[in-house]
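One structure, as structure tokens, below. Some questions next.
The values are calculated or read from the model by the stated rules, or taken from the named source; none is laboratory data. Quantities reported herein were computed from a predicted structural model and do not represent experimental measurements. Ideal geometry is used to build each Cβ from the backbone, glycine not excepted, and the neighbour counts take in all protein chains shown. Quick note on the areas: whole protein, heavy atoms, side chains included, nothing else; ligands and nucleic acids left out. Shrake-Rupley method; radii C 1.70, N 1.55, O 1.52, S 1.80 Å.
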Amino acid sequence: EDQVTQSPEALRLQEGESSSLNCSYTVSGLRGLFWYRQDPGKGPEFLFTLYSAGEEKEKERLKATLTKKESFLHITAPKPEDSATYLCAVQAPYLNSNSGYALNFGKGTSLLVTP
Amino acid sequence: NAGVTQTPKFRILKIGQSMTLQCTQDMNHNYMYWYRQDPGMGLKLIYYSVGAGITDKGEVPNGYNVSRSTTEDFPLRLELAAPSQTSVYFCASSYSPFTNEKLFFGSGTQLSVL
């Protein structure tokens with residue numbers, strides 16, 4: 001069963017055209033919701049961790065928010081260099097709970113910002 | 001500071017061949033992970049390790065093996081490669097998963113099994 005669903009799958013924006021990416025989750029007892037950025041041919045790079053509903057975090061043109069059921073990644077006045085795939089993940093118990101928690105990733109939103 | 005280093009970056013295997021994907025980290029992290037990423041799919045956990053000598057299965061372990069003889073290295077072994085193992089493989093590390101530490105990822109190995 002999917003614990004993390006991201007939408008849209010792909011998004012094309014003009015430079016300066018603000019928008020939001022959505023991440024809905026169904027895990028109970030959220031221990032942390034993570035946003036990562038992934039450039040083509042590279043591994044994911046950490047952006048934010050959110051822990052509780054109402055929390056917000058910002059980095060340059062990106063702002064992540066969290067509710068009890070979903071998180072949004074708001075992109076304000078994007079630039080072409082913001083083009084990437086954005087991944088959302090939640091912590092879920094390992095099969096062996098003694099070993100902590102693994103990250104359960106969504107499929108990502110592929111963002112293209114054109115000049 | 002190199003972080004997480006994976007080799008090779010690309011590899012083509014024939015069905016039935018075996019290979020080892022190498023992963024090393026220089027951050028003295030206890031926890032290391034192997035994920036695979038298929039087109040249009042999320043990252044899936046293959047195996048993880050909580051420290052030298054301790055490994056355990058993730059969500060999709062079939063067809064793979066791992067070992068962890070040192071804190072730095074966490075190789076992933078593919079035995080009898082199959083087309084279903086065509087994917088991009090990422091190694092990652094963290095200090096501890098109990099404290100919501102972020103993962104540090106390598107740059108990936110793109111594997112094709114033909």
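So, in segment B:65-86, of the ones that are open to solvent by 10 Å² or more (accessible area, probe 1.4 Å) and assigned to a strand (DSSP E or B), which residue ends up farthest from the other protein chains (Cβ to nearest Cβ)?
Checked segment B:65-86; the qualifying residue farthest from the other protein chains (Cβ to nearest Cβ) is B:Arg77.
Inspect all residues belonging to segment B:1-22 and state whether any of them is free of Cβ contacts under 8 Å to residues at least 12 places away in the same chain, facing chain A (nearest Cβ under 9 Å), open to solvent by 60 Å² or more (accessible area, probe 1.4 Å) and not β-branched (Val, Ile, Thr).
no
For A:Gly16, indicate whether it is open to solvent by 50 Å² or more (accessible area, probe 1.4 Å), among the small types (Gly, Ala, Ser) and on the phi > 0 side of the Ramachandran plot.
No.
Separate question: Which residues, counting only those in segment A:15-57, are more than 9 Å from chain B (Cβ to nearest Cβ), touching a Ser or Thr at 6+ places or on another chain (Cβ under 6 Å) and at pLDDT 95 or above?
A:Ser18, A:Leu21, A:Asn22, A:Cys23, A:Ser24, A:Glu56 - these are the residues of segment A:15-57 that are more than 9 Å from chain B (Cβ to nearest Cβ), touching a Ser or Thr at 6+ places or on another chain (Cβ under 6 Å) and at pLDDT 95 or above.
Look at B:Ala92 and say whether it is in contact (Cβ under 8 Å) with a residue 60 or more places away in the chain, of a type in the set (A, V, I, L, M) and in contact with a Leu (Cβ under 9 Å, 6 or more places away or on another chain).
Criteria met by B:Ala92.
On to the next question. Residue by residue through segment B:36-53, note down the ones that are without any contact (Cβ under 8 Å) to a residue 24 or more places away in the chain and either out of contact with any helix residue (DSSP H, G or I) (no Cβ under 8 Å at 6 or more places or on another chain) or assigned to a loop (DSSP other than H, G, I, E, B) (or both).
Result: B:Pro39, B:Gly40, B:Met41, B:Gly42, B:Lys44, B:Leu45, B:Gly51, B:Ala52, B:Gly53.
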